[in-house]
Amino acid sequence: MRFQSIVPVIARNFENRHRLLTGSLLLILQLIVLSAGCRRDLPTEEQQILPGDGVRLVSNWQYRWGDSPLSPTGKFAWLHPYTAGADEAQNNEWKHLPFPDQPPGRNGQTFVWQRVEIPPGQWKDPAVYIYSVDTIFEAYIDGQRIYRYGRLEPDERQFEGWPFHIISLPSDPSGHYLYLRIYSDYSDIGIYYNVVLDDRADLIEWILLESVDLLVISGSLIVIGLFSFLHFIRTRESFTHLSFSIVCLAEGYRALADSHYPQYIYGNMLLWHYTSWVVLFFFIPSVLVFFYTIYSGREKVFMGWLVRIQIPISIIYLVYLFFDIEGTMQSVPFRLLAIFYIIAIAFFEARRAIRGNIDARIILIGFSLYGLNATAVMLMDLGILPDLRWNTHWSLFAFVCSLGFVVIRRYGMMREENVRFAVVTRELETARHLHQSLLPADPPEIEGLDLAVLYVSQASLGGDYYDFFRLDRKRVGATIADVSGHGLPAALGVSMAKIAFSEHTSLADRPERFLESTRVSLVVKLQRQFITAGALYIDTDSGIFRYASAGHPPLALLHASGDLEWIRPRGHLIAALPFRGYRMIERPFDPGDRIVMYTDGMSECRNAEGEFYSARRMAETIRRAPKGAEKCAHYIMDDLRKWSREVFFEDDVALIVAERLPCAAEDESGEEH
């Protein structure tokens, strides 16, 4: 009753925790939606209303392939004209660029010049923000270099990363051209994504607000990942939590690295690029491990092979990354393998969802968004689709949230199972104590008889029972029984059997009547259970034993001559079945003879190959066993363990050994001789 009252309380606690974590995820989603609303949508130069407003420079971009020759004065010839409308002949060499597309017709060129006319406006501290440039460049206005990122000298060109750029302009740049001399041996070349003109202070504010959604995504995932990781460290309950925590921490870091904030923390963007890609090569196998932990059957086997394949691939790419980061970023095999993973996971999740798996349906909602987005981005990287400047952080966050809901759901189910298991374990412990209290500690001392008993309980507790009834100093009765079932029902059955056997100890010298009377007492109380039993009576004064069986395994009688006989008297098990009576068998029990009684836990014990402990092996073991009842019992049990190669057996094993000792007269004659 006490355990039953604990279950609802613990279940409610876990239900409250489940609701808290679910509500936290929903709150994070709301914060991200609100953070997206913090962005300030700027007009283009054609939509500008007030002359001091920030504008996106979109319409007036021009480009020119190759590198400018130097003029007699040592300056680049293409820097003329300085202002729009001057030197039309020079302007004819420039082509219109539909920004933000890449300049068309590259044909292996590594240099491109781009320029844009600064629109009219009134700014106190004008500056231009550029999201990214592939890959190194210089900026000029009025023939003067005003900004430089990387070194363009032939022997000093190298990849420097993709930071954002804020280029300060002269106080009145209206109508002047801003020239960009750009070098790239990368697959892309030129300005990437976004260019904004505004006062420097306003630009910084706009930049911070522009990435606030990535900051919220990053912070949320890192907090969730740390919580999940600490939970795994504390409980060590499931590798699902460990893989989920790595997925969250990895994507949280990558979202932070792709935002504008790291550049304010540490300006060397190569460090952020390197670490972001290192984290990516941990992220991918962690996702695969997550699915491996929740899969079963063929899906688990297949996902296990993907994990084994991806781990060495990640190691190879990690090594390659530090030799050629640009080559790693442009790797075609890496993208094709990632697309294959997306297709495989989508297939398995769709298949599980069709079968009614709730976890798969939850995951499929987030993964469908991420899978389509990631596949499209990789096809853009491969040049199969036009570059739409997409990123995967939003869709990946949706995917991670779906994984989070599954982790929370599985955690709640697991904890409920643990509560049930704890209750069952306590019940089993109670049943174990009850069971042990019903068994005699030691067999009685009988003249001319050596008695020993050995009992090995399985982990989940069975229903084996034995008892001895000392009638006088030379007569004893022994009973061995096996109640069907395990756990508390079996223990209760054993207690009923003990009471019934104890009521009829006066009939111990007639085993068949003893079993019949016990059956009458028990059969009305047994419902779906049944009992097998063997009743033994030994009289050392008369030198005989009697045995009756109620469906119990046969008794082994080893004669002093070495012959072994199996005693199988007729008799049905004790159950609510038609009764046909029990038969008693009486045999001489001479000095040196040995009797072995056991429960079916021994005869039905199987080894790793599925073979039963046969009667032939048992007979040979009984023959080889040393003299002495206790030594014999331990020898038989050790052989059973050696054969099964198990510490715990599939069922309880009870073993009674009785050896007839030589009489006193024989001992004295042997000593005189």
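The values are calculated or read from the model by the stated rules, or taken from the named source; none is laboratory data. In this text, all values refer to a predicted model and were calculated from it rather than measured experimentally. Counting neighbours? That spans all protein chains shown, and the Cβs are built from the backbone with ideal geometry, glycine included. Accessible surface is based on the protein model in full, side chains and every heavy atom, while ligands, DNA and RNA are left aside. Shrake-Rupley method; radii C 1.70, N 1.55, O 1.52, S 1.80 Å.
Here are some notes:
- Residue-level analysis places GLU447 among those that are modelled with pLDDT of 90 or more, more than 23 Å from MET637 (Cβ to Cβ), surrounded by fewer than 17 Cβ atoms within 10 Å (Cβ to Cβ) and of a type outside the set (S, T, N, Q).
- Verdict on TYR341 being free of Cβ contacts under 8 Å to residues at least 24 places away in the same chain and of a type in the set (Phe, Trp, Tyr): no
- For VAL212: the one exception among (1) touching a strand residue (DSSP E or B) at 6+ places or on another chain (Cβ under 7 Å); (2) of a type outside the set (Asp, Glu); (3) open to solvent by 20 Å² or more (accessible area, probe 1.4 Å): (1)
- The one condition in (1) in a helix (DSSP H, G or I); (2) farther than 30 Å from LEU507 by Cβ; (3) modelled with pLDDT of 90 or more that ARG641 fails to fulfil: (3)
- Take the conditions (1) open to solvent by 20 Å² or more (accessible area, probe 1.4 Å); (2) modelled with pLDDT under 80; (3) within 26 Å of THR505 (Cα to Cα); ARG426 misses just one of them, which is (3).
- There is no residue in region 480-501 that is modelled with pLDDT of 90 or more, among the acidic types (Asp, Glu) and either open to solvent by 30 Å² or more (accessible area, probe 1.4 Å) or within 53 Å of the chain's Cα centre (by Cα) (or both).
- For LEU372: the one exception among (1) over 28 Å from the mean Cα position of the chain (by Cα); (2) in a helix (DSSP H, G or I); (3) at pLDDT 85 or above: (1)
- Scan of region 253-294 for residues that are part of a loop (DSSP other than H, G, I, E, B) and surrounded by fewer than 17 Cβ atoms within 10 Å (Cβ to Cβ), ordered by number: TYR266, GLY267, ASN268
- Subset of region 32-80 (residues that are modelled with pLDDT of 70 or more, touching a Phe, Trp or Tyr at 6+ places or on another chain (Cβ under 7 Å), surrounded by fewer than 15 Cβ atoms within 10 Å (Cβ to Cβ) and assigned to a loop (DSSP other than H, G, I, E, B)): GLY66
- The lone criterion from (1) out of contact with any Ser or Thr (no Cβ under 6 Å at 6 or more places or on another chain); (2) surrounded by fewer than 17 Cβ atoms within 10 Å (Cβ to Cβ); (3) of a type outside the set (S, T, N, Q) left unmet by ALA353 is number (2).
- Residue check for ASP172: in contact with a strand residue (DSSP E or B) (Cβ under 9 Å, 6 or more places away or on another chain), more than 19 Å from TRP78 (Cβ to Cβ) and crowded, with 19+ Cβ neighbours inside 10 Å: no
- Options PRO591, PRO578; residue that is modelled with pLDDT under 90, open to solvent by 20 Å² or more (accessible area, probe 1.4 Å) and in a loop (DSSP other than H, G, I, E, B): PRO578
- For region 122-146, the candidate set comprises residues that are assigned to a strand (DSSP E or B) and closer than 16 Å to ILE207 by Cβ; within that set, the residue that is most open to solvent (accessible area, probe 1.4 Å) is TYR131.
- Test set (1) touching a helix residue (DSSP H, G or I) at 6+ places or on another chain (Cβ under 7 Å); (2) free of Cβ contacts under 8 Å to residues at least 24 places away in the same chain; (3) within 20 Å of TRP162 (Cα to Cα) - GLU349 fails condition number: (3)
- Strands (runs of 3 or more DSSP E) (entirely within region 147-223) containing at least 1 residues that are touching a Lys or Arg at 6+ places or on another chain (Cβ under 8 Å), touching a residue at least 24 places away in the same chain (Cβ under 8 Å) and under 30 Å from PHE323 (Cβ atoms): 177-183, 190-199
- Residue that is farthest from PHE514 (Cα to Cα) [pool: residues in region 453-477 that are modelled with pLDDT of 80 or more, open to solvent by less than 10 Å² (accessible area, probe 1.4 Å) and not acidic (Asp, Glu)]: TYR465
- The residue of region 215-245 that is farthest from THR392 (Cα to Cα), among those that are among the aromatic types (Phe, Trp, Tyr) and surrounded by fewer than 21 Cβ atoms within 10 Å (Cβ to Cβ), is PHE232.
- Of all residues in region 557-571, those satisfying the criterion of being outside any strand (DSSP E or B) and either open to solvent by 90 Å² or more (accessible area, probe 1.4 Å) or touching a helix residue (DSSP H, G or I) at 6+ places or on another chain (Cβ under 9 Å) (or both) are SER561, GLY562, ASP563, ARG568, PRO569, ARG570, GLY571.
- If the condition is being open to solvent by 10 Å² or more (accessible area, probe 1.4 Å), in contact with a strand residue (DSSP E or B) (Cβ under 9 Å, 6 or more places away or on another chain), among the aliphatic types (A, V, I, L, M) and farther than 22 Å from ASP600 by Cα, then region 521-548 contributes only ILE544.
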